[in-house]
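The values are calculated or read from the model by the stated rules, or taken from the named source; none is laboratory data. Quick caveat: nothing in here was measured; it's all calculated off a predicted structure. Here the Cβ positions follow ideal geometry from the backbone for every residue, glycine too, while neighbour counts run over all protein chains shown. When the accessible area is computed, the model is the full protein with side chains, heavy atoms only, and any ligands, DNA or RNA have been set aside. Shrake-Rupley method; radii C 1.70, N 1.55, O 1.52, S 1.80 Å.
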Amino acid sequence: MSESTSTVTAAAAAPRKGGGRRRLSLPVILLIIAGGLALFSLVRVISGANDLTSVGQVSGALQLAVPIGLAGLGGLWSERAGVVNIGLEGMMIVGTWFGAWAGYQWGPWTGVLLGIAGGALGGLLHALMTVTFNVNHIVSGVAITILATGATRYLSNFTFAEAPGGSSKQSPRIDRITDITIPGLSDGLADLQAKHWFFVSDLAGVLGGLVTNLSLLTVVALLLVPATWWILWRTGFGLRLRSCGENPVAAESLGVNVYKYKYIAVIVSGGLAGLGGAFLAIVSTGIYQEGQTGGRGYIGLAAMIFGNWMPGGMALGAGLFGFTDSLKLRGGAENVHAMLLLLAILLVAFLVWQLYKKKYVAAGVSAVVAAGLLLWYVNTDRLPSQFVDAAPYVATLLVLALSAQRLRMPKADGLPYKRGQGK
């Protein structure tokens, strides 16, 4: 048994050979976080955009990041087993509808459970199409999203439209899930943040956002990130699941039921996306509205790719996109304008690094772009509203472009597989 397990371990880890990177230790990670916070504090002091790291900004960013993170976590489960899940957006749509439909009638937690079940149903359909019938993963995912959009629109016409306070495009109001605020600590951190001291107030704003008006469902969502890491990287079940995404032929030869693990992964993937949809309807807005996912399923996939198919990196990517999205809601043009200065500073740091690595072309491009951003910042006070609205999507593209060189997807991700293929 141990010999079989070690062989599966080798099969799952083999593709990392030559392309792996050293893991960052906890002190190094904390140092990076402190450096990033200090940079934000510097930009805040220079620009005067004091809302950049306020309690409200951090709290709003967290709320916006959770649905993206849950979609990204769903994508990670699926793709670690070798199935590309472009249908996450559709599964989130189903989650919003089921979450609202059950939530306004039987309470928000029932809505959460039904939202998960609806997303899981979409995952089951995707697994059936891709694993059993070997349909192209992209085609299946797009078809599921189209089907989810049409089905929820049709169902809304004779469910929400007939309910008091509802219409064909939105549900009645859903009761809120309990929020957590730590008395004393929350007020103290808010007061400290309001003093606008360098670094200290920014740290207080970040911590205050984590202990003020925090939904219980947000806590559950945050716990799912380390839980996923532990299940997939510290258990035999996770090892077998990941081996299906790296080398399914080798996994099958060692007795792993590849179809079963792929089905489990994609169904869990759909359930997590459905939970993200239910979060949107129940926590973020308290109501279902047609089209409210707004492409978050796709942004979740981008966060997963940015995180290199790892839970921690995915959470960081989701936080980045949630923070960028929150900027336009609090302070809008002023906050996004301050981000021009932040980007210019980051590009200067990138320029120095490229010069150290003797990559002069990349360094030259960085210098030109950094100079352009700095001139833009100096010569303007606010940004056009169109750019403010597009900021989260621009950030998505920039992050993916800059991180593309270090990415390594599971070796068999998206590839067709049939039982007995290696015989």
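What number of residues within the stretch 182-203 satisfy the criterion of being among the aliphatic types (A, V, I, L, M) and touching a residue at least 60 places away in the same chain (Cβ under 8 Å)?
3
Among the residues of the stretch 153-171, is there at least one that is of a type in the set (Val, Ile, Thr) and more than 30 Å from Ala412 (Cβ to Cβ)? Talk me through it step by step, then tell me what you get.
Of the residues in the stretch 153-171, the ones of a type in the set (Val, Ile, Thr) are 159.
Those left that are additionally more than 30 Å from Ala412 (Cβ to Cβ): 159.
Checking the stretch 153-171: at least one residue is of a type in the set (Val, Ile, Thr) and more than 30 Å from Ala412 (Cβ to Cβ).
Only one residue in Gly276, Gly270, Gly255 is farther than 24 Å from Leu415 by Cβ and either not in a loop (DSSP other than H, G, I, E, B) or not basic (Lys, Arg) (or both), so which one is that?
None of the other options fit; the residue is Gly276.
Could you tell me whether the stretch 249-259 includes any residue that is modelled with pLDDT under 95, within 20 Å of the chain's Cα centre (by Cα) and open to solvent by less than 20 Å² (accessible area, probe 1.4 Å)?
no
If only one of Leu402, Leu397 is part of a helix (DSSP H, G or I), under 12 Å from Leu347 (Cα atoms) and at pLDDT below 85, which one is it?
Leu402
Pick out, from the stretch 1-105, the helices (runs of 4 or more DSSP H) lying fully within it that include 3 or more residues that are at pLDDT 85 or above and over 17 Å from the mean Cα position of the chain (by Cα).
Answer list for the stretch 1-105: 26-47, 55-80.
Is it true that some residue in the stretch 161-171 is open to solvent by 80 Å² or more (accessible area, probe 1.4 Å), of a type in the set (D, E, K, R) and in a helix (DSSP H, G or I)?
yes
Does Asp187 fit the bill of being more than 28 Å from the chain's Cα centre (by Cα), modelled with pLDDT under 90 and more than 19 Å from Gln63 (Cβ to Cβ)?
Judged against the criteria, Asp187 is a match.
Just wondering, is there one or more residues in the stretch 184-202 that are closer than 30 Å to Lys411 by Cα, buried (at least 16 other Cβ atoms within 10 Å of the Cβ) and not β-branched (Val, Ile, Thr)?
The answer is no, given that none of the residues of the stretch 184-202 is closer than 30 Å to Lys411 by Cα, buried (at least 16 other Cβ atoms within 10 Å of the Cβ) and not β-branched (Val, Ile, Thr).
Do any residues in the stretch 210-229 that are at pLDDT below 95 have Cβ atoms under 7 Å from those of residues that are among the acidic types (Asp, Glu), where the two are at least six apart or on different chains, and which pairs are they?
Every condition considered, the pairs that remain are Asn213/Asp179; Leu214/Asp179; Ser215/Asp179.
Among the helices (runs of 4 or more DSSP H) contained in the stretch 284-388, which hold 2 or more residues that are open to solvent by less than 60 Å² (accessible area, probe 1.4 Å) and closer than 30 Å to Ala102 by Cβ?
Where helices (runs of 4 or more DSSP H) fall fully within the stretch 284-388 and carry at least 2 residues being open to solvent by less than 60 Å² (accessible area, probe 1.4 Å) and closer than 30 Å to Ala102 by Cβ, they are 296-306, 311-327.
Go through the stretch 106-152 residue by residue and tally those that are surrounded by fewer than 24 Cβ atoms within 10 Å (Cβ to Cβ), under 17 Å from Val84 (Cβ atoms) and over 23 Å from the mean Cα position of the chain (by Cα).
Number of matching residues: 7.
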